[in-house]
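Read-outs throughout are calculated quantities, based only on the coordinates presented, and are distinct from any laboratory measurement. Model, not experiment: these values are computed from the prediction. Cβ placement follows ideal geometry from the backbone for every residue including glycine, while neighbour counts extend to all protein chains displayed.
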Amino acid sequence: MTPGSFEYHAPSNLDEAIKLLGKFSDQAKILAGGHSLLPMMKLRFAEPGHLIDINRIAELKGIREEKGTIRIGAMTTENELIASELLKQKCPLIPEAARLIADPQVRNCGTIGGDIAHGDPGNDHPAVMLAVEASFVLRGPKGSRTVPADGFFLGTYQTQLKADEILAEIRVPVVGANSGYAYCKLKRKTGDFATAAAAVQLQLDGKKCKKITIALTNLGPTALKAADAAAVLVGNEVDDARIEQAAKKAMAICDPAEDLRGDRDYKIHMAGEMTRRAISLALYRAWGK
Amino acid sequence: MAKTHIAFTLNGKSVETLVDARELLVHVLREQLGQTGTHIGCETSHCGACTVDFNGKSVKSCTVLAVQANGGDVMTVEGLAKNGTLHPIQEAFTQEHGLQCGYCTPGMMVRAYRFLQENPKPTEEEIRTGMSGNICRCTGYQNIIKAIQHAAGVMRPAKGA
């Protein structure tokens, strides 16, 4: 299988990439890690006339901390996220999820930015981004704008990213004290998309839950933020009864499509189970265990 | 559309060729450069048969464009043996019967080569995780794991790693 014909561009900096994108507008696609786009091109689901490869743009790589915020270059690969000491200490949910994406070879190519910008509800980073309350720096011909992850995902393969913009950077607040996290993903095999997955980040104040975010993968046309489920827990002690209530609230917002991974009822049931497990594991970790 | 000239290092030697932008690295390696050791399995980046080493990392060459290799360094299974002597990983796959039909074997060995550079003293669990991007339909994996454990033992003192 070979993709259809296209003209290939390999700009060496972001300004040049934005210019090319402006010039070819809707005929162009950005090539990041390529593990979603190239398979789609082989199957003719995507037939861009111009491919703009941003793999040679150094400014889109790397992970650093600045004033309590972690800045992740959009072209940082999944394996680089996993290897990052900074993320392990200051936003461990991201590497935990990255470890459950695809396989070692694919993680050498696949990037956090590509995973987010593709807008596939089966991708794992969108839900993780909702849970860690990330924001995205989008660069266009007129400069950059920063938008929150919450509201960025509009529908399947649809995001707030405009045709002339490139996702340049992901910004994530450093987790506070007494925090816990978990990404629980049910999948059939290595490399599979989630049948259902839940991302949780929480912070305790004594015995009570000071703050919690819950988000779900592959259970609707976009990653879903389970705000009602979180509201059950905030300000309260997290016990089994409340975890059960939160899981029910999370299940109520699910709208998965039936496929080979299961029918709707099964997926929604598993969404509840992943939510229960993720809250419990996050709580356990927040206790320092 | 005009062809693009690319030049890169393949198994330690400089190579150059003309490619269409849409050509995949695995096709160019096999059909233009005559290195047919790298196999095409699923062509959808699941099976790992086409695994090559690219700039010091394992990648699936069915999901990399040949133009992206320009200026890079690629190693295929043909690069493992030196001067007619099999690499310890190849010896270990022979010794431990780490293959039956052999179709997945080049990808397995090239991935194992990089994995053992990254982790010279792996546990069995680490080998299973590290090799999880390569599918074998014959062996049930047991002898592949043994072969990699065997190779790790042989390579450690030799490399001092």
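Observations on the model:
- Scaled against the 2.2 N^0.38 Å expected of a compact globular protein of N residues, the Cα radius of gyration of chain A reads 1.00.
- Percent of Cα-Cα distances greater than 22 Å, calculated over segment A:180-286: 25
- Ranked list, fewest to most other Cβ atoms within 10 Å of each Cβ, for B:101, A:91, B:42, B:136: B:101, B:42, B:136, A:91
- With a 10 Å cut-off around each Cβ of B:11-23, the average count of Cβ atoms from other chains is 2.
- Backbone N under 14 Å from the residue A:99 label point (7 Å along Cα→Cβ), restricted to segment A:162-187: A:181-185
- Max mean-square fluctuation residue, GNM over chain B, Cα-Cα springs under 10 Å, options B:65, B:86, B:116: B:86
- Here each label is just a point 7 Å from Cα along the line to Cβ, and for residue A:85 and residue A:44 those points are 5.2 nm apart.
- Among A:11, A:126, A:92, the residue with the largest mean-square fluctuation in a Gaussian network model of chain A, with springs joining Cα atoms closer than 10 Å, is A:11.
- Taking the centroid of alpha carbons for each part, segment A:222-236 and segment A:178-217 are 11 Å apart.
- In segment B:23-161, taking the dipole from charged Cβ atoms about the Cα centre, the farthest positive-side position among B:136, B:68, B:38 is held by B:136.
- Crossing angle, helix A:264-286 versus chain A [Cα axis fit, 0-90 degrees, rounded to tens]: 70
- Under 5 Å between amide hydrogens, built in the peptide plane, is the criterion, and for residue A:209 it picks out A:235, A:236, A:237, A:238 among residues at least 5 positions away or on other chains.
- Spin-label model distance (nm) - residue A:263 vs residue A:1, 7 Å beyond Cα toward Cβ: 2.9
- Given +1 at the Cβ of Lys and Arg, -1 at the Cβ of Asp and Glu and no other charges, the dipole of segment A:194-289 around its Cα centre is 460 debye to the nearest 20.
- Hz values of 3J(HN,Hα) by residue in segment B:49-54 - Karplus curve (6.51, -1.76, 1.60), Gly and Pro given as x: 4, 8, 4, 10, 8, 10
- By the beta-carbon count within 10 Å of each Cβ, the least crowded to most crowded order of B:103, A:183, B:113, fewest first, is B:103, B:113, A:183.
- Within 10 Å of each Cβ in A:29-36, the average number of Cβ atoms from other chains: 2
- Placing unit charges on the Cβ atoms only, positive for Lys and Arg and negative for Asp and Glu, gives segment A:62-172 a dipole magnitude near 360 debye about its Cα centre.
- Report summary: the helix-based calculation at 222 nm, which adds -39500 (n - 2.57) for every DSSP H run with n ≥ 4 and divides by the residues of chain A, gives -9500 deg cm²/dmol.
- Selected from A:8, A:266, A:72, residue furthest toward positive end of dipole (chain A; charges at beta carbon): A:72
- Cα→Cβ-extended label distance, 7 Å offset, between residue A:150 and residue A:227, nm: 0.7
- Whole-Hz ³J(HN,Hα) from phi, Karplus 6.51 cos²θ - 1.76 cosθ + 1.60, for segment A:94-106, glycine and proline x: 5, x, 4, 5, 4, 4, 9, 9, 6, 9, x, 5, 5
- For the pair residue B:7 and residue B:149, the difference between a 0.36 nm per residue extended length and the Cα-Cα distance amounts to 47.5 nm.
- Distant-in-sequence amide H partners of residue B:21 (H built 1.01 Å from N, under 5 Å): B:4
- For the pair segment A:35-109 and segment B:27-103, the centres of their Cα atoms are 24 angstrom apart.
- Lys/Arg +1, Asp/Glu -1 at C-beta; the protein assembly as shown dipole; positive extreme among A:147, B:26, A:204: A:204
- Principal-axis tilt of helix A:240-252 within chain A, Cα atoms, nearest 10 degrees: 40
- R0 of 35 Å, Cβ-Cβ distance residue A:211-residue B:124: FRET efficiency to nearest 0.05: 0.30
- Entries in A:162/A:187; A:19/A:225; A:67/A:90; B:13/B:60; A:185/A:267 that, when Cα-Cα distance is taken, lie over 23 Å: A:162/A:187; A:19/A:225
- For segment A:121-177, the Cβ-based charge dipole about the Cα centre amounts to some 220 debye (Lys, Arg positive; Asp, Glu negative; other atoms uncharged).
- From phi via Karplus (6.51, -1.76, 1.60), per-residue ³J(HN,Hα) for segment A:150-160 in Hz, x at Gly/Pro: 5, x, 6, 8, 9, x, 4, 6, 10, 9, 6
- GNM flexibility winner over chain A from A:97, A:247, A:58 (Cα, springs under 10 Å): A:58
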